[in-house]
Amino acid sequence: MHDFQYKDNELYCEDVPISAIAKDVETPFYLYSHNTLLNHFNVFDTAFSSIKHLVCFSVKANSNIAVLKTFINQGGGVDIVSGGELFRALMAGAEPRKIVYSGVGKKIDEIEFALQTDILMFNIESTQELEVIDDIAGEIGTRARISFRINPDIDPKTHPYISTGLKKHKFGINKDKSLEKYIYAKRLKNIDIIGVDCHIGSQITDLTPFIDTLERIRELISELQKEGIGISHIDLGGGLGITYDEETPPHPNIYAQEVIKQISDLNCTLILEPGRVIAGNAGILVTKVLYTKENEEKNFVIVDAAMNDLARPALYGSYHGIQPVKLEEKGQFMADLVGPICESGDFLARDRDMPQFERGDLAAIMSAGAYGFTMSSNYNSRLRVSEVMVTGDNFHIIREREEYDDLIKGENIPQFLS
Ligand code: LLP
């Protein structure tokens, strides 16, 4: 359930009519419901309350510091993949010992930053990375808590670009090789092994791949025990899917039940790295219709948001619901909702039944709270849009829209050209 609902034929976010926000804030803008973010976090967190656990929100899904702070205030941690995400998390007030760091390509300065911050755990994806972290920890005079990210070779049956747990993927360490990696890591001077980690993909709507993964993790943990390597943390990553269109993903309670069944006897702290399931349906992208036109084949609704603002439809062919901000007595038609960018791939919906939008109408692009703003760019030198958070009958601008000066920040014309 989310807080974007119609009242008196007007789309509201919580108790604020979206059209009222659009009078104050220039379109397009991302709009988040604080209440939905909070509810989604709490439902997810509570689902695991019978075991030791830590919900580390995946910053890549939505990295606005007000959004992060919402979860941090609930005791949540964060899953980061870069120095930039670590910086954001700290700015939002994340507790260092609730930060886990994933990713195949951690750079030296990022590793130093994370070690100096004393984060909870590095999820390690290669032997070279392990050795570099060991060296840097030695130089700094500290120790690194680590887990290995295991690639279980399991097909999560999702879009190929967001599936990560198969042998052909760059992620993690082949499960068959993992025991020897752990044995090697145990010998390193500045490394403390604390966990086993995995993340098999995203927008997963079936529980089986998660369960199969946990079975492999259990096997590994018992092999590790035989080698005298104790594991105190299991990180299951993120990946639980949401409803964009007609998908029927399991409720977090069912997901939690199944996960707990698999691991409750292991006496480990479970780490979860959800992103989409918490933020996806807590945000929308509000856009205005600039023009409409038609040719012999199609109707086009040209809006002021584009693929640089929401990349998912262009990148993955993803479905996002399109809803009018005002429900009016208009006919429906089949149309493409497209942006101003000079590419045919710049569409937000294709061959979709939608209201016969007219110039000046506002439209809501639904389910845009995860991987929306975070994947936006300045392509076509378009300004990155503002982000707004509603709570009750108030709204707050949590990120200002960029200005033209932001576009050339850091650019220089060298002497020889002037
Ligand atoms: N942990 C790790 C290590 C990850 O790589 C990811 C997502 C997550 C957690 C969070 O996954 P979630 O719970 O949100 O599924 N841009 C794509 C999604 C890419 C996901 C990348 N990794 C999209 O728009 O669908």
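The values are calculated or read from the model by the stated rules, or taken from the named source; none is laboratory data. Because the structure is predicted, anything quoted here is derived from the model rather than measured. Neighbour counts are summed over all protein chains in view; Cβ atoms, including those assigned to glycine, are modelled from backbone coordinates with ideal geometry. Remember, those area values only see protein heavy atoms, side chains included, never the ligands or the DNA or RNA. Shrake-Rupley method; radii C 1.70, N 1.55, O 1.52, S 1.80 Å.
Just read off the accessible area of MET91 with the full protein assembly in place, 1.4 Å probe, to the nearest 10 Å².
120 Å²
Determine the alpha carbon to alpha carbon distance for each of LYS60/LYS177; LYS52/LYS261; LYS106/LYS175; LYS60/LYS107 and list only those over 23 Å. Please report the intermediate quantities before stating the final value.
Working: LYS60/LYS177 29 Å; LYS52/LYS261 13 Å; LYS106/LYS175 21 Å; LYS60/LYS107 17 Å.
Violating the 23 Å limit, Cα to Cα: LYS60/LYS177.
With a cut-off of at most 13 other beta carbons within 10 Å, and DSSP calling the residue loop, which trypsin sites (Lys or Arg not before Pro) in segment 377-415 qualify? Please list them. Write down the numbers at each step before the final one.
Details: sites: ARG382, ARG384, ARG399, ARG401, LYS409; in loops: ARG382, ARG384, ARG401, LYS409.
Loop-located and lightly packed - LYS409.
For GLU215 and LYS170 in the same chain, what is the full-extension length gain: residue separation times 0.36 nm, less their Cα-Cα distance, in nm? Can you show the working numbers first?
Values: separation 45, 0.36 × 45 = 16.20 nm, distance 2.18 nm.
Here the answer is 14.0 nm.
When Lys and Arg each count +1 and Asp and Glu each count -1, what net charge do the other residues less than 10 Å away from ASP153, Cβ to Cβ, add up to? Before the final figure, lay out each step's value.
Numbers: positive: LYS167, LYS168, LYS175, ARG216; negative: ASP155, ASP176, ASP212.
After counting each charged neighbour, the total is +1.
Might you report the magnitude of the Cβ-based charge dipole of segment 34-276 about its Cα centre, with Lys and Arg at +1 and Asp and Glu at -1, to the nearest 20 debye?
240 debye
Using unit Cβ charges (K, R positive; D, E negative) and no other charged atoms, how large, in debye to the nearest 20, is the dipole of the chain about its Cα centre? Kindly include the intermediate steps, with their values, before the conclusion.
Working: 42 positive and 62 negative charges, 214 e Å.
In debye, rounded to 20, the chain gives about 1020.
Tell me whether the chain comes out rounded, prolate or oblate; compute the Cα gyration tensor, take square roots of the eigenvalues as a ≥ b ≥ c, and use a/c under 1.5 as the rounded threshold. Don't skip to the end; give the middle numbers.
Values: a/c = 2.02, a/b = 1.65, b/c = 1.23.
Prolate shape, in that a/c is at least 1.5 and a/b is the bigger ratio.
Taking all protein chains together and a probe of 1.4 Å, list VAL338, VAL59, VAL81 from the most accessible to the least accessible. Write down the numbers at each step before the final one.
On the way: VAL338 20, VAL59 0, VAL81 55 Å².
Order by accessible area, largest first: VAL81, VAL338, VAL59.
Over all alpha-carbon pairs in segment 179-232, figure out the percentage whose distance exceeds 16 Å. If you can, show how the numbers build up before the last one.
Details: 682 of 1431 pairs.
Taking all Cα-Cα pairs of segment 179-232, the fraction more than 16 Å apart is 48 percent.
Run through all the Cα pairs of segment 34-276 and give the fraction in each 10 Å bin from 0, expressed as whole percent.
Over segment 34-276, the share of Cα pairs per 10 Å bin runs 8, 34, 39, 18, 2, 0 percent.
Which order do you get for TYR319, TYR404, TYR101 if you rank them by accessible area with a 1.4 Å probe, largest at the top? Before the final figure, lay out the partial values.
Numbers: TYR319 80, TYR404 170, TYR101 0 Å².
The most accessible residue leads, giving TYR404, TYR319, TYR101.
Computing the accessible area with a 1.4 Å probe over protein heavy atoms, can you report the carbon and sulfur percentage for the chain?
Working: 8800 of 18720 Å².
Exposed carbon and sulfur together represent 47 percent of the surface.
So for each of 123-129, 60-66, 171-177 I average, over its residues, the number of other beta carbons within 10 Å; can you give me the resulting order with the highest mean first? Present the calculation step by step, with values, prior to reporting the outcome.
Numbers: 123-129: 20.3, 60-66: 22.4, 171-177: 17.9.
Order by mean packing, descending: 60-66, 123-129, 171-177.
Sort GLU26, GLU131, GLU215 from largest to smallest accessible area, using a 1.4 Å probe on the heavy atoms of the protein chains. Write out the running numbers ahead of the final one.
Values: GLU26 110, GLU131 65, GLU215 90 Å².
Largest to smallest exposure gives the sequence GLU26, GLU215, GLU131.
Return one whole number: the accessible area per residue of segment 34-276 in Å², for a 1.4 Å probe. Could you put the intermediate results ahead of the total?
Working: 9930 Å² over 243 residues.
Accessible area per residue: 41 Å².
Taking 35 Å as R0, compute the FRET efficiency from the Cβ-Cβ separation of GLN128 and LYS226 and round it to 0.05. Walk me through the intermediate numbers first.
On the way: r = 27 Å, r/R0 = 0.76.
Rounded to the nearest 0.05, the efficiency is 0.85.
What are the residues whose amide H is under 5 Å from the amide H of TYR6, where those residues sit 5 or more places off or on another chain and H is modelled from the backbone?
TYR12
Taking the Cα centre of segment 85-234 as the origin and placing charges on Cβ (Lys, Arg +1; Asp, Glu -1), which of ILE146, SER163, VAL100 is farthest toward the positive end of the dipole?
Checked the options; the winner is SER163.
Compute the signed sum of charges (Lys and Arg +1, Asp and Glu -1) over the other residues within less than 13 Å, Cβ to Cβ, of GLY283.
On the way: positive: ARG276, ARG312, ARG399; negative: ASP3, GLU14, ASP309, GLU387.
Neighbourhood net charge equals -1.
For the chain, calculate the relative contact order in percent as a whole number, restricting contacts to Cα pairs under 8 Å that are 6 or more residues apart. Walk me through the intermediate numbers first.
Values: 911 pairs, mean separation 80.9, N = 418.
It rounds to 19 percent for the chain.
In whole angstrom, note down how far apart the Cα centers of segment 368-418 and segment 25-86 are.
21 Å
Looking at SER50, ILE234, GLN116, which one has the Cα that reaches farthest to the positive end of the dipole of segment 34-276 (charges on Cβ: Lys, Arg +1; Asp, Glu -1)?
Of the listed residues, the answer is GLN116.
Checking the cross-link filter: which lysines have an alpha carbon closer than 26 Å to that of LYS330, excluding same-chain neighbours under 8 positions apart?
Counting by Cα, and skipping residues close in sequence, LYS330 has these lysines nearby: LYS7, LYS23, LYS288, LYS293, LYS298.
For PHE300, tell me the accessible area in Å² from a 1.4 Å probe, rounded to the nearest 10.
40 Å²
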